[in-house]
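Worksheet: one structure, shown below.
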Amino acid sequence: MLGTLTTFVSKIVTTPISFSTLKNGESFTPEDETEFRKVFPKVRQDLAAVCENCGFIESTEWFGKVLDYNVPHGKLQTCSLIADDMMDSSPLRRGRPSWFTVDGVGMNAINDAFYLESCAYHLLKKYFGGTGFYTKLVDAFHDITLKTVIGQNLDVLTTQKKISEERFQMTNFSKIAKYKTGYYTFVLPIRLGAILAGLVDGKLLNHIENVGLQLGEIFQAQDDFLDVYGTMTQTGKRGTDIAEGKCTWLICKAMEIANPEQREILMNTYGKKDEESVQIVRTIFDEISLPYHFHQYHDEVMHKIGANIAAISGDHTQLKAMLNILVKKMEIVKSLILVNV
């Protein structure tokens, strides 16, 4: 198993990056994905063995369902998404019922989220325990998990606050994006890759992690935009950010550029769950040309990210190529989400 993982990682690091690899915004071929998915049955078997060794047959069957439903469609960090869906009362995740809404699950999803997080540490110990970098891998997971929990808390607390201009400032959006999304989605994979590659240049690591945080912010902004302007086909769920009063890029930007009358209307309608209020907010978003401003913001941030990647000195051609693949993915997502607006 470790050999399979090592081979897969080595292939990512050593395979030359060509235009054919980048044209669809994908770093792996279908064959690579198939190869990687072959690992999952072994992972499932390893995790099932834990319950079986304890003599808990029912638990083995239950957690098998948890893994089958959640992990093949995301990552083991799906534990964060399960908790997020419950806190937001989101009925759908990627076009399917959120795990907690599945018949017979309900509040059991809380324990299932804990289980999925525990699985990550079990696998780390099983396949990397005894190696020189095991403790660094575990520390990375602990550090990023803590930051993600803090980010989720910031998101919830900001949503619960009284509607105000102070609440919807871009600095608050940036904090939520950094801790709830950036560390977990981009910095963790970067840090893990650096550990496995033996990267010891702290200055370089900080630099590329900052690139990851920038990517995390634009990723969160894209998600916020899709929640309002995306279709069910694109998002797999109905947008709820306006009704829930979420601190998103859109409402923060709206508060910056709306006139006093429009801001007053937003104060009185944003965060209300009735369809009329939601539509009023959407109308103001259109009046102040938020899609245009998002387009401008997106281009500015991506330009800065590109410059930061180009600034990486030394012989790190493949590292820069991999980071540019992420940039390419962000650009493709942007072209898709702006197609209807």
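The values are calculated or read from the model by the stated rules, or taken from the named source; none is laboratory data. Not measured: the values here are computed from a predicted model. Counting neighbours? That spans all protein chains shown, and the Cβs are built from the backbone with ideal geometry, glycine included.
Can you name the condition, by its number, that ILE312 falls short on among (1) touching a residue at least 12 places away in the same chain (Cβ under 8 Å); (2) surrounded by fewer than 18 Cβ atoms within 10 Å (Cβ to Cβ); (3) among the hydrophobic types (A, V, I, L, M, F, W, C); (4) assigned to a helix (DSSP H, G or I)?
(4)
Which of (1) over 21 Å from ASN153 (Cβ atoms); (2) surrounded by 16 or more Cβ atoms within 10 Å (Cβ to Cβ) is the odd one out, the single condition PHE100 does not satisfy?
Among (1) over 21 Å from ASN153 (Cβ atoms); (2) surrounded by 16 or more Cβ atoms within 10 Å (Cβ to Cβ), the lone unmet condition for PHE100 is (1).
Take the residues of the range 71-95 that are within 17 Å of LEU123 (Cα to Cα) and modelled with pLDDT of 80 or more: which is surrounded by the fewest Cβ atoms within 10 Å (Cβ to Cβ)? Even if it seems obvious, please write down each step before you answer.
We begin by selecting, within the range 71-95, every residue within 17 Å of LEU123 (Cα to Cα); these are 71-72, 74-79.
Now drop any that are not modelled with pLDDT of 80 or more, which leaves 71, 78-79.
Details: VAL71: 19, THR78: 24, CYS79: 25.
Per the stated criteria, the residue is VAL71.
Within the bounds of the range 233-243, is there any residue that is part of a helix (DSSP H, G or I), more than 17 Å from THR158 (Cα to Cα), touching a residue at least 40 places away in the same chain (Cβ under 8 Å) and hydrophobic (A, V, I, L, M, F, W, C)?
Checking the range 233-243: not a single residue is part of a helix (DSSP H, G or I), more than 17 Å from THR158 (Cα to Cα), touching a residue at least 40 places away in the same chain (Cβ under 8 Å) and hydrophobic (A, V, I, L, M, F, W, C).
Got a number for residues in the range 71-114 being under 26 Å from LEU188 (Cα atoms), without any contact (Cβ under 8 Å) to a residue 12 or more places away in the chain and hydrophobic (A, V, I, L, M, F, W, C)?
Residues flagged as under 26 Å from LEU188 (Cα atoms), without any contact (Cβ under 8 Å) to a residue 12 or more places away in the chain and hydrophobic (A, V, I, L, M, F, W, C) within the range 71-114 amount to 0.
Of the residues LYS203, LYS162, which single one is more than 20 Å from the chain's Cα centre (by Cα), charged (D, E, K, R), surrounded by fewer than 14 Cβ atoms within 10 Å (Cβ to Cβ) and within 26 Å of ALA258 (Cβ to Cβ)?
Numbers: LYS203 fails: within 26 Å of ALA258 (Cβ to Cβ).
When all the criteria are applied, what remains is LYS162.
Go over the candidates GLY25, GLY3 one by one and state the one that is part of a helix (DSSP H, G or I) and at pLDDT below 85.
Values: GLY25 fails: part of a helix (DSSP H, G or I).
Being part of a helix (DSSP H, G or I) and at pLDDT below 85 holds for just one of GLY25, GLY3, which is GLY3.
Within the range 187-198, is there a residue that is in contact with an Asp or Glu (Cβ under 9 Å, 6 or more places away or on another chain) and either farther than 26 Å from VAL39 by Cβ or basic (Lys, Arg) (or both)?
yes
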